[in-house]
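Below: the structure, in structure tokens.
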Amino acid sequence: MRVAIIGAGVAGLASARRCLENGFDPIVYERSKIVGGTWVYEERTGVDEFGLPVHTSMYKNLMTNLPKELMDFPNFPYKDLDNISFLEPWQVQEYIEQFTEHFGLNKHIQFCSLVTSVERLTNNWQVTVEDLKTKTLKTEYYDAVMVCNGHNASPFTPDIPGKDDFEGVQIHSHDYRIPEHFTNMNVLIIGSGPSGIDICSDVSKVANQVYFSHHKPELIEKEFPKNVVHLPDVELFSKKTVCFKDKTKQTLDAVIYCTGFKITLSFLKPSCGINVLNDKLITPLHKNIINMNNPSMGFIGYLNMTFVFRIFDLQVRYYLEFLRKNCLSRLDSMVTTMTPVTTHFLGENMLNYCKSLVSDKNKVEPIPSIYFEIYFGCHELKQKYFRSYQSSVFKIINNDEYLIEFDAENAKNK
């Protein structure tokens, strides 16, 4: 079975590996020159050398908010990093490149290849690809398609009154790279997801004042740098100032929108049978994976609030078993037993979701429970030691036990 895989980030590489292990014939299309997807650090912002929007949102000083013990593919551990758990981006990228090399995936990847169109024909898929170096198009035909190009590349910026009148710097976190651009400035951070919290702390090292706009009371109790002020949602901008919902005003030099991303799948033509509702929800997807209108198209990695590598791998194994078990000729008849998801957020539902992909019938091996225990254990540690939890080291003893090495006496307990 020929399988087109769109994207060579974590989801696409997991897909290619398992396709090869199960006797499928994968071709991976990657628009950039290297593997890694969102883990690639690119100093450039705006457009790349091909005139396309830069894909990655990675910034220089990022440190992972989950330990590497939750950021590995099954049966391929990190090497020579036994004494640290929380990594810098280059370390994760290096691991991804080692994984690609180890499983011989490079020869199945076509780099600088932009998928411009996917169409459903009567019995197969038509995939049109642009060679970005030669500016030529080619068309290939596949039995199945796995969409793995991610959902953190197209910035969402809220429409706030007066935004266009503001004369200072305005960027989205997608274009944030280093804090030095904001030296001695009064900076407003809008949004309190992981990147908002992280960039707030990063910018505070060099900024004069950081105003952190959010509506999470629990964050106010956490310890932030002294030059960070918590404020409510923004009401409106003027040329040099911002007014908040509590009617306070502040003079600003720059705004960083940490307000998330839109899902864009413009290369999927109407015949694919996929819609994106409000730029947030791909539908109709069964188990967040199977295109219910055309089950030989699967989506891998369109999840939020989870640990990525092993859960993406589980999605892949579930989907390939689904294809293998039902054969292409029987896929359409399976749709009557499916229900579409209403969200891509997992969070507290993560364990139940993963269990739903595993059953005695489909022969899909579960993720060992120890990884879920580490995930929730890390969350508890973060809640207790907000500023210092990333100095901890997680060690897996066996499938039932793990330990955390952490100097709590020297950690600031906030």
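The values are calculated or read from the model by the stated rules, or taken from the named source; none is laboratory data. What you see is a predicted model; the values in this text were computed from it and never measured. As a convention, Cβ positions derive from the backbone with ideal geometry for all residues, glycine included, and neighbour counts pool all protein chains shown. All accessible areas refer to the heavy atoms of the entire protein, side chains included, with ligands and DNA or RNA removed. Shrake-Rupley method; radii C 1.70, N 1.55, O 1.52, S 1.80 Å.
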Handout entry: Only one of Val242, Val229 that is part of a strand (DSSP E or B) and either in contact with a Ser or Thr (Cβ under 9 Å, 6 or more places away or on another chain) or within 18 Å of Thr157 (Cβ to Cβ) (or both)
Key = Val242
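What number of residues within segment 78-110 are open to solvent by less than 60 Å² (accessible area, probe 1.4 Å) and either assigned to a loop (DSSP other than H, G, I, E, B) or outside the structural domain of Asn293 (by the TED database) (or both)?
Of segment 78-110, the ones open to solvent by less than 60 Å² (accessible area, probe 1.4 Å) are 78, 81, 85-87, 89, 91-93, 95-96, 99-100, 103-105, 108-110.
After this cut, where a residue has to be either assigned to a loop (DSSP other than H, G, I, E, B) or outside the structural domain of Asn293 (by the TED database) (or both) as well, the list is 78, 81, 85-87, 103-105.
Residues that pass the stated criteria total 8.
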Problem - Residues (among the aliphatic types (A, V, I, L, M) and modelled with pLDDT under 95) located in segment 142-161 - result: Ala153
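Only residues that are in contact with a helix residue (DSSP H, G or I) (Cβ under 8 Å, 6 or more places away or on another chain) and open to solvent by 50 Å² or more (accessible area, probe 1.4 Å): list them for segment 231-252, please. First the steps, then the outcome.
At the first step, the residues of segment 231-252 found to be in contact with a helix residue (DSSP H, G or I) (Cβ under 8 Å, 6 or more places away or on another chain) are 237-239.
Answer for segment 231-252, where residues must be in contact with a helix residue (DSSP H, G or I) (Cβ under 8 Å, 6 or more places away or on another chain) and open to solvent by 50 Å² or more (accessible area, probe 1.4 Å): just Lys239.
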Exercise for the section: Select, from Ile189, Ile171, Ile178, Ile199, the only residue that is of a type in the set (A, V, I, L, M, F, W, C), surrounded by fewer than 18 Cβ atoms within 10 Å (Cβ to Cβ) and touching a strand residue (DSSP E or B) at 6+ places or on another chain (Cβ under 7 Å). Expected result: Ile171
Exercise for the section: Return yes or no: is Met63 assigned to a loop (DSSP other than H, G, I, E, B), surrounded by fewer than 16 Cβ atoms within 10 Å (Cβ to Cβ) and at pLDDT 95 or above? Expected result: yes
Problem - Test result for Ala11, under 16 Å from Phe309 (Cα atoms), surrounded by 14 or more Cβ atoms within 10 Å (Cβ to Cβ), modelled with pLDDT of 95 or more and in contact with a Gly (Cβ under 8 Å, 6 or more places away or on another chain) - result: yes
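Kindly indicate whether any position in segment 286-300 is of a type in the set (D, E, K, R), open to solvent by 10 Å² or more (accessible area, probe 1.4 Å), under 19 Å from the mean Cα position of the chain (by Cα) and in the same structural domain as Thr128 (by the TED database). Show your work before the answer.
First, the residues of segment 286-300 that are of a type in the set (D, E, K, R): 287.
Checking which are open to solvent by 10 Å² or more (accessible area, probe 1.4 Å) leaves us with 287.
Then drop every residue that is not under 19 Å from the mean Cα position of the chain (by Cα), which leaves 287.
Narrowing further to those that are in the same structural domain as Thr128 (by the TED database): 287.
Yes, segment 286-300 has at least one match.
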Exercise for the section: Test Leu381 against the criterion of being of a type in the set (A, V, I, L, M), touching a strand residue (DSSP E or B) at 6+ places or on another chain (Cβ under 8 Å), in contact (Cβ under 8 Å) with a residue 24 or more places away in the chain and not assigned by the TED database to the domain that holds Phe73, and give yes or no. Expected result: yes
Practice task
Go through the residues of segment 315-338 one by one and say whether even a single one is in contact with a strand residue (DSSP E or B) (Cβ under 6 Å, 6 or more places away or on another chain), over 21 Å from Arg120 (Cα atoms) and either at pLDDT 95 or above or of a type in the set (Gly, Ala, Ser) (or both).
Solution key: no
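Within segment 276-285, work out how many residues are farther than 21 Å from Gly12 by Cβ and within 20 Å of the chain's Cα centre (by Cα). Before you say what the answer is, go through the steps one by one.
As a first pass, look at segment 276-285 and keep what is farther than 21 Å from Gly12 by Cβ: 277-281, 283-284.
Pick out the ones that are also within 20 Å of the chain's Cα centre (by Cα) and you get 277-281, 283.
Residues that pass the stated criteria total 6.
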